[in-house]
Amino acid sequence: MRDHSSVIPLLKTIGPFNEVADDYNYQSAWDRLSTSKILVIGAGGLGCEILKNLALTGFKNIHVIDMDTIDLSNLNRQFLFRHKDIGKSKSEIAANFIKQRIGEDNINIIPFFGKIQDKSIEFYSQFDLVISGLDSIEARRWINATLVNLSSSNNKIIPLIDGGTEGFRGQSRVIIPSFTSCFECTLDLMSQKITYPVCTIANTPRLPEHCIEWAHLIQWNIEFGSTKKFDADIPQHIQWMYETALNRAKIFKIEGVTKQLTLGVCKNIIPAIASTNSIIAASCCNEAFKLLTDSNPYLNNYMSYSGDYSIYTYTFENNKRSNCSVCGSLPKKIYVESYKTLQQFIEDIKDKQEIQIKNPSISSISGPLYMSSPTELQKITKNNLSKKLNKLISNGDEIVITDVNLPISLRLIVYFTSDEKDPELN
Amino acid sequence: MTIDKDAKYDRQLRLWASTGQSNLESSHICLINASSTGCEILKNLILPGIGSFTIIDDKKVSNLDLSSNFFIKNNEINRNLATVTTKNLNELNTEVKGFAIEKSIQDLLIEENDEIFWQQFSVVIISDYTPKLNQLIDILWSKQIPLMIVNTVGFYSSFNLLTSETTVIETHDPSKLYDLRIDLPWEELQQFADSFDLDNLDDQEHAHVPCIIIFIKALQSWIKTHEGQPPWVSYTEKKNFKKYVELLSRNIVLENNFAEAVSSSHRAFQITDLPDSVKQLLKISKENPVTKNSSIFWIYIAALSKFLQLNNDVLPLPGTIPDLASDTKNYIDLQNIYKEKAKKDQKLFTEQVESVLESIGRSKDEINNDSIASFCKNSRLLFVTIGSKKFISSHFIEQFNHEKDQSKIKKYLIYFGILTFNIFINEHNRLPELSDLKEFIQLYNEKIDSTTLAGSDVKVFEELLSHNTRNYTNLNSLMGGVVSQEVLKLCTGQYVPIDNLFVFDGIESSSEKFKIEY
Ligand SMILES: [Zn+2]
């Protein structure tokens with residue numbers, strides 16, 4: 001039988017750096033391993049590691065959520081999956097594997113095959129701690145905002161430990177809702193998908209990526225209209241993209257369009273290896289272990305690891321931002337050129353690093369300016385899209401941006417700059 | 001590589017491409033002690049597809065092993081550790097070959113004193129210190145096989161890399177500077193620049209001149225009008241040059257290429273010279289002439305030295321340019337001029353490699369064009385370090401005694417504490433506990449540093465003894481990730497590995513790296 005002999009020495013004796021030594025009690029620290037309920041979000045590269053680490057350090061009540069199924073390209077790092085599991089639910093296979101390896105009697109893991117947005121607030125409020133190992137920025141923002149909202153509306157503080165990796169680099173952080181900075185506070189630090197100006201893609205391509213984006217963003221719609229949606233997981237679609245991009249590259253004498261690059265650009269692929277997941281997941285679980293058992297102080301509040309040129313780590317306290325749209329109280333400021341229409345403004349904020357809202361609805365004090373859903377409201381407000389923003393609101397007005405997919409109301413104060421003319425029109 | 005393999009390894013091929021992958025697939029990793037840290041390291045190497053691995057361990061699976069090691073199954077208590085972990089790890093990737101040797105390293109060293117046995121390994125890893133290693137260290141050192149030694153105790157860990165020399169060609173330098181030769185255009189580039197008559201272009205053409213051309217022109221006319229002085233002599237002059245470039249534009253708001261030139265003016269200030277790191281390499285090469293047994297890296301350096309004599313001390317051109325605001329034709333023409341020059345340099349360099357090979361009596365068949373191309377592309381960014389074989393040195397202790405930074409002092413102490421921890425086990429055959437603190441400090445003073453410890457320093461040792469386990473999964477797994485990243489770098493021959501000691505504090509979640517010099 002698998003016991004916890006490796007965990008006992010970590011809890012039995014109080015170390016000299018313990019900051020709550022007076023209140024520390026071995027038995028209650030031990031009990032917390034079996035009573036704490038932990039939610040793991042993501043059963044991918046980080047998730048597999050997180051589940052293994054939690055199980056081996058004695059945690060017994062774990063839920064895991066993932067909406068994805070297993071793909072061949074996961075097998076170079078997601079070690080709970082085998083070739084025969086391709087196509088099956090990640091969370092279910094991962095939970096089964098852990099149960100089998102650790103022993104059904106030793107651990108209770110409940111998988112959920114679906115989206116985090118499908119679960120209710122009540123579901124989330126049952127946990128003592130959430131660990132997220134996701135690559136989707138949107139999902140990380142969602143869980144962050146949900147937990148911060150829970151802390152302010154229900155006074156229920158559920159720590160969130162967030163990990164992320166990219167190639168040889170990664171970061172882990174501890175978020176204590178209402179007390180520390182939150183995920184949204186540092187949205188502008190997250191590396192973003194590279195985008196290319198449309199005029200370059202359409203008129204003056206220079207790189208193979210420009211040709212691929214031309215096929216991807218322009219040519220696909222011309223060829224198939226709205227009838228067939230592009231799906232990067234369908235080999236024939238990728239083949240079409242590749243051939244179309246390659247033809248364009250030939251016309252412009254551009255070298256370097258390959259199938260691998262096509263896939264990388266269309267799917268926005270981020271390199272990933274087992275090693276980095278191992279480092280970041282272990283760091284997240286180490287913080288979870290310290291936080292729940294009080295065996296040692298936890299990270300305050302951010303560590304980044306970089307292994308691509310020797311090894312560097314950087315540990316620091318990330319400060320809360322007073323104008324954070326999730327945990328702050330002040331609106332952000334935004335400067336908008338006077339010539340911009342509401343439509344142009346919306347396109348800008350979609351890509352803006354600290355906003356990144358995909359389907360924005362916008363309101364001012366006097367009412368909705370544009371609602372992306374429901375359809376009836378979209379119809380009523382879409383006439384505003386072609387109007388200049390400075391005709392709809394005045395300089396210094398506050399607007400609120402929302403997205404049905406995010407529990408965030410983003411407040412912006414708009415200041416108009418003097419540029420009256422659109423340089424694109426020249 | 002098959003399509004299936006391409007797809008399976010897609011996420012890592014984007015880091016080290018097929019050249020790195022085939023190096024990885026021909027590597028053989030040896031693990032001494034099938035500890036939980038050791039198995040974590042191997043997991044991270046088997047998944048991306050190393051060629052083979054060998055685990056050496058004579059111990060039987062204990063409850064403690066099972067408690068912290070995911071690669072042992074519940075019914076495998078009392079079986080041989082090496083055998084069960086080899087089998088369970090091998091399930092991760094059936095393309096990898098796994099071997100178990102059910103012997104202690106000490107016994108093995110007596111049997112395998114013919115050093116051929118060790119020759120098969122690309123890297124040897126010892127997870128948790130094992131006594132009487134000097135013989136092994138000597139063998140591996142002489143064969144230039146990197147040895148990694150990793151220790152975790154409670155929330156602390158350290159990892160040494162012992163290797164006589166590390167050379168890296170594909171460093172993937174993160175500064176991402178381009179070698180553009182704006183200050184020193186070769187004939188074809190100069191001619192191309194001259195073909196643009198800025199004053200007589202129409203507005204459309206003027207707004208599509210690549211900024212490299214703008215820089216070449218601006219720099220040359222600047223030097224003419226500034227008594228031969230380049231703009232990079234001072235900050236003020238650099239700022240003035242920026243303004244100078246801006247004034248060449250007809251309308252800086254509308255001309256993206258000029259806006260780009262202004263914002264990337266640092267490119268114009270890059271001086272084409274021999275970096276100190278390359279000079280150092282040439283010096284080493286001159287002092288240690290290549291022989292029949294030299295590695296290809298040093299043969300390239302010898303060839304580089306000849307190349308530089310023929311090429312006015314200018315390195316081979318990498319031949320890549322960044323994306324630039326420009327129309328397609330100008331950009332592609334410019335790109336081709338760089339590519340052509342790079343090819344020419346590569347040809348001249350290949351001739352020098354041939355002549356070096358010939359001079360040491362080796363065959364020209366060794367010439368590998370991909371490898372030469374990669375060397376030429378990276379000649380400015382090459383990495384070499386002469387390693388060290390020691391765990392501790394008087395110089396290192398001296399450094400520690402002069403250290404003022406509290407966070408660094410702590411990392412020294414963590415490392416010294418771990419060394420003392422291992423010495424204690426060696427002497428007493430058991431783990432030290434908090435009640436052993438006094439003796440522990442004595443041992444430290446005796447074996448490591450005789451200087452009296454400050455009260456705050458003793459805390460680090462207290463922490464080690466309070467949480468005196470080598471089996472804390474989270475630290476095992478974290479170090480498994482750290483060490484495996486370094487193995488991947490050594491095996492693919494890409495990215496720069498650590499030199500040569502890493503210390504991690506899992507309480508503060510911070511780290512430090514050191515070099516233990518002689
Ligand atoms: Zn915030």
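The values are calculated or read from the model by the stated rules, or taken from the named source; none is laboratory data. Only a predicted model underlies this, so the values are computations on that prediction, with no experimental measurement involved. Reconstructed Cβ throughout: ideal geometry from the backbone, glycine too, with neighbour counts over all protein chains shown. Surface accessibility is based on the protein's heavy atoms, side chains included, excluding ligands, DNA and RNA. Shrake-Rupley method; radii C 1.70, N 1.55, O 1.52, S 1.80 Å.
Below are the figures for this structure:
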item	result
Label-point separation, B:ASP199 to B:VAL314 (7 Å along Cα→Cβ), nm	2.8
Occluded residues from segment B:455-473, i.e. those whose accessible area drops by 30 Å² or more once the chain is not alone (1.4 Å probe)	B:LYS459, B:GLU463, B:SER466, B:HIS467, B:THR469, B:TYR472, B:THR473
Cut-off under 5 Å, modelled amide H: who pairs with B:ASP449 long-range	none
Rg to Rh, two decimals, where segment B:187-269 supplies the alpha carbon set and Rh follows Kirkwood	0.95
Chain A - percent of accessible surface contributed by carbon and sulfur, probe 1.4 Å	50
Cα-centred dipole magnitude for chain B, charges only on beta-carbon of K, R (+1) and D, E (-1), debye, nearest 20	320
Heavy-atom accessible area, 1.4 Å probe, ligands and nucleic acids excluded: residues of segment B:30-47 down by at least 30 Å² from chain alone	B:LYS43, B:ASN44, B:LEU47
Carbon + sulfur, % of accessible area of segment B:187-269 - ligands and nucleic acids excluded, 1.4 Å	50
Within chain A, helix-based [θ] at 222 nm, where runs of 4 or more DSSP H residues each add -39,500 (n - 2.57), nearest 500	-10000 deg cm²/dmol
Cα centroid separation, segment B:406-457 to segment B:89-135 (Å)	29
Shielding score for A:282-291, defined as the mean number of other chain Cβ atoms within 10 Å	5
Counting all C-alpha pairs of segment B:36-158, share separated by more than 18 Å (%)	55
Residues of segment B:187-269: accessible area per residue with a 1.4 Å probe, Å²	55
Extreme residue, positive dipole direction of the protein assembly as shown, given options A:SER338, B:PHE70, B:GLY480 (C-beta unit charges)	A:SER338
Per residue accessible area in Å² of chain A, where ligands, DNA and RNA are left out and the probe is 1.4 Å	43
MRE, 222 nm, helices only [DSSP H, n ≥ 4, -39500 (n - 2.57), over chain B, to nearest 500]	-15500 deg cm²/dmol
Inter-centroid distance (Cα atoms) of segment A:318-342 relative to segment A:122-201, Å	18
Alpha carbon centroid spacing (whole Å) that separates segment B:238-287 from segment B:318-344	17
Total accessible surface hidden between A and B, rounded to 100 Å², 1.4 Å probe	7000
Whole-number D in µm²/s for chain A (Stokes-Einstein; Kirkwood sum over Cα pairs; 10 °C, 1.306 mPa s)	66
Antiparallel DSSP beta bridges within the protein assembly as shown, percent to nearest 5	55
Ordering of A:270-280, B:388-398, A:199-209, A:155-165 by burial proxy (mean other Cβ atoms within 10 Å per residue, highest first)	A:270-280, A:155-165, A:199-209, B:388-398
Listed residue (B:LEU453, B:SER393, B:GLY417) projecting farthest to the positive dipole end of segment B:326-468, Cβ model	B:SER393
Cα lying deepest toward the dipole's positive end in the protein assembly as shown, options B:ALA342, A:THR146, A:GLY42, charges on Cβ	A:THR146
Accessible solvent surface per residue of segment B:394-466, calculated while the other protein chains remain in place, 1.4 angstrom probe, Å²	49
Dipole magnitude (debye, nearest 20) for the protein assembly as shown, charges at Cβ of Lys, Arg, Asp, Glu	1160
Debye intensity ratio I(q)/I(0), log10, chain B, q values 0.08, 0.09, 0.11 Å⁻¹ (C-alpha model)	-0.67, -0.81, -1.04
